[in-house]
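Scroll down for the structure; my scribbles are underneath it.
The values are calculated or read from the model by the stated rules, or taken from the named source; none is laboratory data. Computed from a predicted model, the values in this text were never measured in an experiment. Methodologically, a virtual Cβ is constructed for each residue, glycine included, from the backbone with ideal geometry; neighbour enumeration extends over all protein chains shown. Ligands, DNA and RNA are stripped out before the accessible areas are found, and what is left, the full protein with its side chains, is counted by its heavy atoms. Shrake-Rupley method; radii C 1.70, N 1.55, O 1.52, S 1.80 Å.
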Amino acid sequence: MRYRLDPIHCRPWTLNSLSFKLIESHYENNYGGALRRLNAITEQLESLDFASTPGYVINGLKREELVALNSTLLHELYFACLGGEGRITEAMTAALARDFGSWFRWRDEFVAMGNALGGGSGWVLLTYLPRDRRLINQYASDHSQSIPGGVPILALDLYEHAYHMDFGANVRAYVDTYLRNVDWAAVQTRHEDATRVDPPRPLVQPEFGDLPAVGVEEVKAMLDSGKPVQVIDARPRHFVSRQQDIMQGAVWRDPDRVRDWAGELSKSDPVVVFCAYGFHIGCKTAIALREAGFDAKFMAGGHSAWKAIGGPMKPHTAG
């Protein structure tokens, strides 16, 4: 496989206060250098006999491949962001206001992150996270930090080669100038494309149909607020006896004897049932309670998910 050069998207001689000489040097030497390095590494990797190559050789080449590939991709995004007049579109104003509070709040954070890299090196990226359906500002140091599944839509290069020729050590002037040259219509198009990327598939348990679930964060918020809720720990006896702890605010009940203790619950308050990991036992217990007329849901992720968010625990021994 050989990686191909992406033509420069903007007309370098038309940019506001970014010199043609700077952009040309940046494109040819830094972006071009990363691409040439990436192809050289790729060629070496393709020639390896992986069964006999020492691990340190493979590790070194794969690390360098990661750096060169990310440098190539981020430089392509950087140049694709330039060529505008810095006037943000209504759609991007609304998107940034939704995820940051306001366009101004986003800009303050983005600029501050760029200024904070003065004297250092790295990238500031505006990235869309399909998992959370939102935008976030992130650093990408050494070209190799990334958010898995994230889709960068705006890239600010803070390596010195991106600004020193025009601005010396004046990073603040460079960051402000960069934003005056952003093509926000192109950013909006990339944002629209990013929002079409599906998030990771959620856990689906088709055997339990449309049994309602509730997240551990929501259960914690209900307990913290004092809302009436009956939380039932339905882990099997052998799980409880081995772990000897229980979610604070929950009562353990033997899932094999649900008909014996169901009558102790109130039908006027909601019931949340959980097991060890949020699978069969918790779901089946919740179904049994719903069939008996209770407003019961199962807690997704179960006891393990509660501990994973740092939910309060207490000692317990099953009776």
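Carbon and sulfur: what percent of the chain's accessible surface (1.4 Å probe)? Don't skip to the answer; put the middle values down first.
Values: 8600 of 16700 Å².
Accessible surface attributable to carbon and sulfur in the chain totals 52 percent.
Would you kindly compute the Cα radius of gyration of segment 121-228 and its largest Cα-Cα separation (Dmax), both in Å?
So, for segment 121-228, Rg and Dmax equal 20.5, 64 Å respectively.
So for each of 43-49, 150-156 I average, over its residues, the number of other beta carbons within 10 Å; can you give me the resulting order with the highest mean first?
Peptide ranking by packing, descending: 150-156, 43-49.
Which percent of Cα pairs goes in each bin when the distances of segment 108-158 are cut into 5 angstrom slices starting at zero?
Final binned percentages: 5, 22, 32, 23, 13, 4, 1.
If you average 1/r over all unlike Cα pairs in segment 169-292 and invert the result, what Kirkwood radius do you get in angstrom? Show your work: numbers first, answer last.
Numbers: mean 1/r = 0.0541 Å⁻¹.
Radius from the Kirkwood sum: 18.5 Å.
Please report the Cα spread of segment 232-319 along all three principal axes, rounded to whole Å, starting with the longest.
Projected onto the principal axes, the Cα atoms of segment 232-319 cover 31, 25, 22 Å.
Can you find, among Leu179, Ala116, Ser225, the residue sitting farthest towards the positive end of the charge dipole of the chain, where Lys and Arg contribute +1 and Asp and Glu -1 at Cβ?
Ser225
Pull up all non-local amide H partners of Leu154: gap of 5 or more, or a different chain, and H-to-H distance under 5 Å with H placed in the peptide plane.
Leu126
Hey, if you put +1 on the Cβ of every Lys and Arg and -1 on every Asp and Glu Cβ in the chain, which of Met299, Asn137, Asn59 ends up farthest toward the positive end of that dipole?
The residue sitting most towards the positive pole is Met299.
Quick check: convex hull of the Cα atoms in the chain, volume per residue, rounded to a whole Å³?
Values: hull volume 65.8 nm³, N = 319.
Cα convex hull per residue, to the nearest whole number: 206 Å³.
What does the convex hull of the alpha-carbon atoms of segment 3-159 project to on average, in nm²?
On the way: hull surface 44.2 nm².
Computing the convex hull of the Cα atoms and averaging its projections yields 11.1 nm².
Give me the dipole magnitude in Debye, nearest 20, for the chain about the Cα centre, with unit charges on the beta carbon: positive for Lys and Arg, negative for Asp and Glu. Please report the intermediate quantities before stating the final value.
Details: 34 positive and 38 negative charges, 140 e Å.
That gives the chain a dipole magnitude of about 680 debye.
Tell me, what HN-Hα J-couplings in whole Hz come from the Karplus equation 6.51 cos²θ - 1.76 cosθ + 1.60 at θ = phi - 60° for each residue of segment 243-260, using x for Gly and Pro?
8, 6, 9, 8, 4, 5, x, 9, 10, 7, 9, 5, x, 7, 10, 4, 5, 6
Straight distance only, please: which lysines reach the Cα of Lys284 with their own Cα at less than 24 Å, same-chain residues fewer than 8 apart left out?
Cross-link targets: Lys220, Lys267, Lys297, Lys307.
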